[in-house]
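The values are calculated or read from the model by the stated rules, or taken from the named source; none is laboratory data. Treat the numbers as computed from the prediction; the structure is a model and nothing was measured. Here Cβ is always computed from backbone atoms with ideal geometry, including for glycine, and neighbour counts include all displayed protein chains. Remember, those area values only see protein heavy atoms, side chains included, never the ligands or the DNA or RNA. Shrake-Rupley method; radii C 1.70, N 1.55, O 1.52, S 1.80 Å.
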Amino acid sequence: MQHDRNPVACPSARLSNVVHPTSHTTRHRRFTRLVLALAIGVPALAQAVAIGPMGPLERAHKAYELRVSAARDNLHQPLVPHPTNADELRYPTRMNSYTKGLPHDNLGIVDPAAYQALIKALRSGRDTDFEAIPQGVANGAKQRSPQSAYAFHFEGRDSHAFTMSPAPAFHSPWQASDAMEVMWRALIRDVPFIEFESNGLISEAVTDLKRHTDYRGPRDATGITSGTLFRGIGVGETTGPYISQFLLQQVPYGATRIDQKYRVQVPGSDHLTQYSDWLNVQRGGTASTSAVFDPTPRYIHNGRALAEYVLRDFIDQPYSNAALILGGYGSGALSDSNPYKFSTTQADGPLFSVNHALDMLTRVAMSSQSVGWFQKWLVHRRARPEVFFGRVHNHMTGQASYPLHPEVLASAALPKVHAKYGTYLLPSAGASGSPLHPSYPAGHATMAGAAVTVLKAFFKGDYVLPSPKQASADGLSLVDYTGPALTVEGELNKLASNISLGRDTAGVHYRSDGDLGILLGEELAISVLQELVNGYNENVSFSFNRFDGTPVTISKQN
């Protein structure tokens, strides 16, 4: 009788024809037979290979249940509203709506048909509609990834399940303070952070911003001061140097260490200060100026250096550097909730080590951007600061009339910028101005909020950083800082704001884009951590403080 030679139909035939290697030890023969048996699905032998608290079938069911449970929990979350400031409806000219790269008239007002083409594409989500969006100039700048707003991610809540308050309305006192803070940031870009307390221009900025009735930056007991100016609203952010230690200290990078010195544009290298450049860039064209760089790399010592950093950084660069710096401090900097920190027989790695933190940073990177891009493109469509000051310029020069809040028109910053450049336009740190996507919230901010929340989950918030530094006035060296102690929590909060609000210093965002964007990213990271903690075997929870100081504990739910 002919034997069936199909190895699946006749597994014994396959086993009987095994050609063993020249080494005929018993251990090798058993290993070979077990591997082959596992490959062809012999149940008894396969179960003998893998040990552990779950058999293969139980494990498969558990993995399925975890995924279904996470999806079910997200499905049952209440639907959230998405309110706007109503400027898009209030102003038929779309004067405070995002329109960059589209055709504009000489006042920088968008062509109505072009704007409707953009709205049509956003509403339909069809690639053909996006390809039909008119450009303001031939081969002009392209819209930045609007279809990211529709992406699904499979860790944490869906990007459309988060909400935020409306952006400031064009005519509001909140918008007035938002805008004039950005202008002052541009005017003081070359003032060293270490000289903020003694610089006269900083004193003028403080005095001017004190006039605003809805300024939402931090204050101390006496109000806005040089020590609170341009800082973030998180706990610990007004303590110590302006720049976070995680943007100054050496980064342990494998077998080497990296000094955090960066390329910086020369003092006074501002752009889009002439109306023709401003208008051409709104249409998607280019400016007549280009960046001029200092040949000597420097630490982040002033606003111009910070602006250059946040215009060039990649998505998780500052946070990956922070994780490596924190890992270099040793186990004392690890969170006390780390399941291996106090173990006598086990050490961390791969889980709950610096490598785990680095992995988590990349897990929230793209999902945080989709959370932000949904709000940017499909909800708010807020115009950038450079557009607002185009309106200010045309209003001040009598070319048009806009409902600007009186606190804008009374600002001491406007005559200063006019005396320097002959216009009321916002000096941009980059020749192309803002990127081609809406302003609210800031993408850097949503990433900052998400990333710093992840780092807080892995590292100890009240750990005191050793040997703190600050940049010298010229940015060529680091000098000792000897003030109040700096903690991981405070310096991580500061890092988030340095990056998100540093974009304001570059002239491409408002404070509200950053402060509220950080909170949006924080919510996304918490939802991701909650899902992932359920998948760990260790008895673990994540405990840390939100940016406002509220304690959070994320524990296993299964």
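Every Cα-Cα pair of the range 507-558 was included, and the share exceeding 18 Å stands at 43 percent.
Starting from the Cα coordinates of the range 80-190, work out the convex hull volume and express it per residue in Å³.
Working: hull volume 20.1 nm³, N = 111.
Dividing the Cα hull volume of the range 80-190 by its residue count gives 181 Å³.
Rounded to the nearest 20, the Cβ-based charge dipole of the range 199-327 about its Cα centre (Lys and Arg +1, Asp and Glu -1) stands at 80 debye.
Helix 511-533: angle to the longest alpha-carbon principal axis of the chain, degrees 0 to 90, nearest 10? Approximately 10 degrees, to the nearest 10. Take the Cα coordinates of the range 139-272, assign each an equal point scatterer, and use the Debye formula without solvent to give log10 I(q)/I(0) at q = 0.14 Å⁻¹. With one equal scatterer per Cα and no solvent, log10 I(q)/I(0) is -1.00. Residues of the range 376-401 with an amide N closer than 17 Å to a point placed 7 Å from the Cα of R123 along the Cα-to-Cβ direction: 377-381. Size descriptors for the range 284-385, from the alpha-carbon set: Rg then Dmax equal 19.8, 65 Å.
The angle between the Cα long axis of helix 56-75 and the main principal axis of the chain comes to about 20°, on a 0 to 90 degree scale. Residues in the chain average 44 Å² of solvent-accessible surface per residue, probe 1.4 Å, ligands and nucleic acids excluded.
The accessible surface of the range 413-512, taken with every protein chain in place and a 1.4 Å probe, is 56 percent carbon and sulfur. For the Cα atoms of the chain, what angle does the longest principal axis make with the long axis of helix 354-373, in degrees from 0 to 90, nearest 10? Tilt of helix 354-373: around 50 degrees. Each part gets one Cα centre, and for the range 204-271 versus the range 508-538 those centres are 22 Å apart. What distance in nm separates the two pseudo spin-label positions at A60 and N199, each 7 Å out from Cα along the beta-carbon direction? Each label point lies 7 Å from its Cα, and together they span 6.5 nm. Given +1 at the Cβ of Lys and Arg, -1 at the Cβ of Asp and Glu and no other charges, the dipole of the chain around its Cα centre is 1480 debye to the nearest 20.
Each Cα pair of the range 387-435 feeds into the Kirkwood radius, which the Stokes-Einstein equation turns, at 4 °C and 1.567 mPa s, into a diffusion coefficient of 113 µm²/s.
Summarise the long-distance tail of P(r) for the range 315-372 by giving the % of C-alpha pairs beyond 13 Å.
On the way: 1062 of 1653 pairs.
Of the Cα pairs, 64 percent sit more than 13 Å apart.
Rolling a 1.4 Å probe over the protein heavy atoms of the range 277-371, with every protein chain left in place, gives an accessible area that is 53 percent carbon and sulfur.
Using the scaling law 2.2 N^0.38 Å as the reference, what is the normalised Cα Rg of the range 415-547?
Values: Rg = 18.7 Å, N = 133, 2.2 N^0.38 = 14.1 Å.
That works out to 1.33 for the range 415-547.
Given R₀ = 45 Å, FRET efficiency for Q250-V80 by Cβ-Cβ distance, to 0.05?
Once rounded, the FRET efficiency stands at 0.60.
About its Cα centre, the range 111-193 has a charge dipole of approximately 40 debye under the convention of +1 per Lys or Arg Cβ and -1 per Asp or Glu Cβ, with nothing else charged. Neighbours of S244 by Cβ distance under 12 Å: Lys/Arg scored +1, Asp/Glu scored -1, total 0.
Cβ under 10 Å from G284's Cβ, G284 left aside: what net charge do those residues give with Lys, Arg +1 and Asp, Glu -1? Before the final figure, lay out each step's value.
Working: positive: K100, K142, R283; negative: none.
Within the 10 Å Cβ shell, the charges total +3.
Hey, got a sec? Which chymotrypsin sites (Phe, Trp or Tyr not before Pro) in the range 51-127 land in a DSSP loop and have at most 14 other Cβ atoms within 10 Å? Don't jump to the answer; show the numbers that get you there.
Working: sites: Y64, Y98, Y115; in loops: Y98.
Qualifying residues, ordered by number: none.
Treating each Cα of the range 218-273 as one equal point scatterer and applying the Debye formula with no solvent, the log10 of I(q)/I(0) at q = 0.24 Å⁻¹ comes out as -0.94. Would you mind giving the three semi-axes, in whole Å and largest first, of the ellipsoid equivalent to the chain according to its Cα gyration tensor? Ellipsoid semi-axes (Å, largest first): 50, 30, 22.
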